[in-house]
Amino acid sequence: MAASCVAVLVMAASLLLLLLVLWKRWRRGRADWHVIIVVLGDVGRSPRMQYHALSFVKSGFSVTLMGFCNSRPYDELLQNNRIQIVSLTELPKLAVGPHIFQYGVKVVFQSVYLLWKLMCREPAAYIFLQNPPGLPAIAVCWLVGCLCASKLVIDWHNYGYSIMGLVHGSSHPLVLLAKWYEKLCGRLSHLNLCVTNSMREDLAQNWGIKAVTVYDKPASFFKETPLGLQHWLFMKLSCTYSAFKACSEPLDPDTERSAFTERDPQSGVVTHLRERPALLVSSTSWTEDEDFSILLAALEKFEQLILDGESLPSLVCVITGKGPLKEYYRGLIGQKHFQHIQVCTPWLEAEDYPLLLGSADLGVCLHKSSSGLDLPMKVVDMFGCCLPVCAVNFQCLHELVKHDENGLVFEGPEELAAQLQMLFSSFPDPTGKLSQFRQNLRESEQLRWDESWKQTVLPLVMDT
């Protein structure tokens with residue numbers, strides 16, 4: 001106990017010293033065309049905040065993007081000399097003390113550390129903060145905003161307390177504390193953005209926070225992948241993942257063949273293999289709000305249909321992403337003994353992910369929002385690639401997935417298995433239901449991120 005008190009006093013003294021030493025630096029005023037974007041998470045896995053950064057630069061701002069650099073961001077971000085990426089250090093998990101003590105130490109460390117990093121930056125006109133995670137970032141960013149006259153903008157992707165509730169339960173003291181903090185500090189911002197109309201209404205009715213809906217939109221590089229580029233990607237992935245390797249060798253040893261395509265050595269023309277498997281793609285952060293046992297159970301039912309004589313293609317199921325439950329689900333996948341289905345779980349380079357989506361036949365989304373108020377960005381990206389989707393149902397999914405128009409909505413593994421059977425029964429028939437969904441997506445003329453941002457966010461920023 002005494003050691004804890006000493007640590008708190010030392011941190012408080014360090015904080016006071018920090019403010020005194022840096023005060024002169026901050027008296028020189030802010031840069032009106034500078035924006036600081038804060039992600040208290042992995043920048044490489046925060047595409048929306050990367051898109052914000054790129055849009056600000058295109059509108060004449062300079063950007064400092066702060067966050068954990070565990071994954072590689074988009075090359076466009078790294079190559080832009082008006083974007084400075086500041087890497088934050090993540091506190092390793094403590095191995096001593098009760099969980100609530102470990103969490104308290106983490107919050108104190110992140111508070112002091114984030115304050116220090118923000119104070120060492122050039123003052124900005126705006127501090128854009130991703131929430132969640134907002135504890136302790138909202139309070140810290142608000143304090144820095146007060147010191148340098150920066151305006152705090154919170155981009156609400158979800159509620160942090162609802163994600164904590166998946167692990168600890170909704171009545172846990174930490175969850176209740178996080179909810180109180182989020183509700184109180186969320187009102188300190190100058191401007192609030194959110195990802196759905198449902199969340200906007202909830203923020204207004206239950207939190208007293210006025211927000212503007214800024215739907216996730218696909219970036220311009222999410223598009224259908226030309227067949228030649230598909231072949232290049234499949235050949236690249238086949239070097240690491242056996243699911244992409246050809247099941248048989250071509251008669252001509254000079255012919256380049258993957259599990260899905262082959263290139264003629266004389267003409268260089270790429271064609272689909274006649275008996276190719278269907279490519280099913282899902283993306284995940286491997287967290288509690290996505291139950292992949294639903295997909296595995298549906299795949300087992302699909303496999304049984306093939307064994308029972310149904311005319312269905314083999315499947316290659318690619319599940320991309322990183323996260324805490326990945327090894328758990330990899331263990332479950334390893335226990336399956338599929339004969340007609342191959343499952344692989346790669347982590348793709350940022351530039352390869354859109355190519356994979358643009359090459360796939362069907363996307364599957366198992367995201368069930370912890371709050372019921374956010375939408376899966378993976379589906380936005382899939383739609384950008386004109387990739388039809390089967391998505392598990394939840395409260396506000398209708399704002400994105402239109403059942404029987406751009407995809408299908410399911411409740412459980414039985415319904416998903418039936419949808420897979422229906423969609424792949426005539427594969428790869430260009431007149432089938434799958435092709436109809438794809439054509440509907442092509443004709444929908446979806447608005448891209450840049451255009452949407454200019455219409456929604458830029459006017460708000462310029463007005464305030």
Applying the selection to segment 296-320, what residues are more than 18 Å from Cys390 (Cα to Cα), touching a residue at least 40 places away in the same chain (Cβ under 8 Å) and either open to solvent by less than 50 Å² (accessible area, probe 1.4 Å) or small (Gly, Ala, Ser) (or both)?
Leu305, Ser311
Test: residue in segment 128-144 that is surrounded by fewer than 21 Cβ atoms within 10 Å (Cβ to Cβ), farther than 22 Å from Leu375 by Cα, of a type outside the set (S, T, N, Q) and modelled with pLDDT under 90:
no
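Being at pLDDT 95 or above and open to solvent by less than 50 Å² (accessible area, probe 1.4 Å) is true for just one of Leu434, Leu458. Which residue is that?
Leu458
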Could you check how many residues of segment 160-196 are within 20 Å of Ser369 (Cβ to Cβ), open to solvent by less than 60 Å² (accessible area, probe 1.4 Å) and either assigned to a loop (DSSP other than H, G, I, E, B) or modelled with pLDDT of 95 or more (or both)?
7
Single residue of segment 266-282 satisfying the filter (open to solvent by 50 Å² or more (accessible area, probe 1.4 Å) and hydroxyl-bearing (Ser, Thr, Tyr)) that is nearest to Thr345 (Cα to Cα)
Thr271
Does Lys151 meet the test of being of a type in the set (Lys, Arg) and touching a Phe, Trp or Tyr at 6+ places or on another chain (Cβ under 7 Å)?
yes
Could you count how many residues in segment 35-66 are buried (at least 23 other Cβ atoms within 10 Å of the Cβ) and on the phi > 0 side of the Ramachandran plot?
0
Identify, please: which residue in segment 413-425 is small (Gly, Ala, Ser) and either modelled with pLDDT of 95 or more or surrounded by 19 or more Cβ atoms within 10 Å (Cβ to Cβ) (or both) and is, among those, farthest from Ile294 (Cα to Cα)?
Ala418
Exactly one of these conditions fails for Gly363: (1) in contact with a Pro (Cβ under 8 Å, 6 or more places away or on another chain); (2) open to solvent by 20 Å² or more (accessible area, probe 1.4 Å). Give me its number.
(2)
List the number of the failed condition for Ala219; all other conditions in (1) among the aliphatic types (A, V, I, L, M); (2) open to solvent by less than 30 Å² (accessible area, probe 1.4 Å); (3) closer than 19 Å to Asp429 by Cα hold.
(3)
If you take the residues in segment 389-399 that are in contact (Cβ under 8 Å) with a residue 60 or more places away in the chain and open to solvent by 10 Å² or more (accessible area, probe 1.4 Å), which one is nearest to Ala417 (Cα to Cα)?
Gln395
If a residue has to be among the hydrophobic types (A, V, I, L, M, F, W, C) and closer than 19 Å to Arg121 by Cβ to count, how many in segment 79-95 make the cut?
4
Does Met49 satisfy the condition of being at pLDDT 95 or above and of a type outside the set (Phe, Trp, Tyr)?
yes
Which ones in segment 113-127 are modelled with pLDDT of 90 or more, in contact with a strand residue (DSSP E or B) (Cβ under 6 Å, 6 or more places away or on another chain) and of a type outside the set (A, V, I, L, M, F, W, C)?
Tyr126
Say we look at segment 438-464 and pick out the residues that are outside any helix (DSSP H, G or I) and in contact with a helix residue (DSSP H, G or I) (Cβ under 9 Å, 6 or more places away or on another chain); which of these is farthest from Asn192 (Cα to Cα)?
Ser444
Checklist (1) under 26 Å from Glu288 (Cα atoms); (2) open to solvent by less than 20 Å² (accessible area, probe 1.4 Å); (3) part of a loop (DSSP other than H, G, I, E, B) applied to Cys386, failing item
(1)
So in segment 323-353, with the set limited to residues that are farther than 24 Å from Ile306 by Cβ and of a type in the set (A, V, I, L, M), which one is most open to solvent (accessible area, probe 1.4 Å)?
Leu325
Tally up the residues in segment 226-265 that are closer than 16 Å to Val343 by Cα, among the polar types (S, T, N, Q) and open to solvent by 60 Å² or more (accessible area, probe 1.4 Å), please.
2
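Could you please find all residues in segment 197-216 being open to solvent by less than 70 Å² (accessible area, probe 1.4 Å) and among the polar types (S, T, N, Q)? Talk me through it step by step, then tell me what you get.
The initial filter retains those residues of segment 197-216 that are open to solvent by less than 70 Å² (accessible area, probe 1.4 Å), namely 197-199, 202-204, 207-209, 211-216.
Passing the criteria: Asn197, Ser198, Thr213.
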Counting only residues that are in contact with a helix residue (DSSP H, G or I) (Cβ under 7 Å, 6 or more places away or on another chain) and open to solvent by less than 30 Å² (accessible area, probe 1.4 Å), segment 283-294 contains a total of 5
Against the condition surrounded by 16 or more Cβ atoms within 10 Å (Cβ to Cβ), free of Cβ contacts under 8 Å to residues at least 40 places away in the same chain and either of a type in the set (D, E, K, R) or farther than 30 Å from Glu451 by Cα (or both), how does Ser111 come out, does it pass?
yes
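Looking at segment 433-458 only, could you name the residues that are basic (Lys, Arg) and out of contact with any Ser or Thr (no Cβ under 9 Å at 6 or more places or on another chain)?
Arg438, Arg442
Would you mind listing the helices (runs of 4 or more DSSP H) fully within segment 71-155 where at least 2 residues are in contact with a Leu (Cβ under 6 Å, 6 or more places away or on another chain) and closer than 28 Å to Val175 by Cα?
Per the criteria, 99-119, 137-148.
The values are calculated or read from the model by the stated rules, or taken from the named source; none is laboratory data. None of the values given here were measured: they were computed from a predicted structure. Cβ atoms come from the backbone with ideal geometry, glycine included; neighbour counts cover every protein chain shown. Protein only, heavy atoms only, side chains kept; ligands, DNA and RNA dropped before computing areas. Shrake-Rupley method; radii C 1.70, N 1.55, O 1.52, S 1.80 Å.
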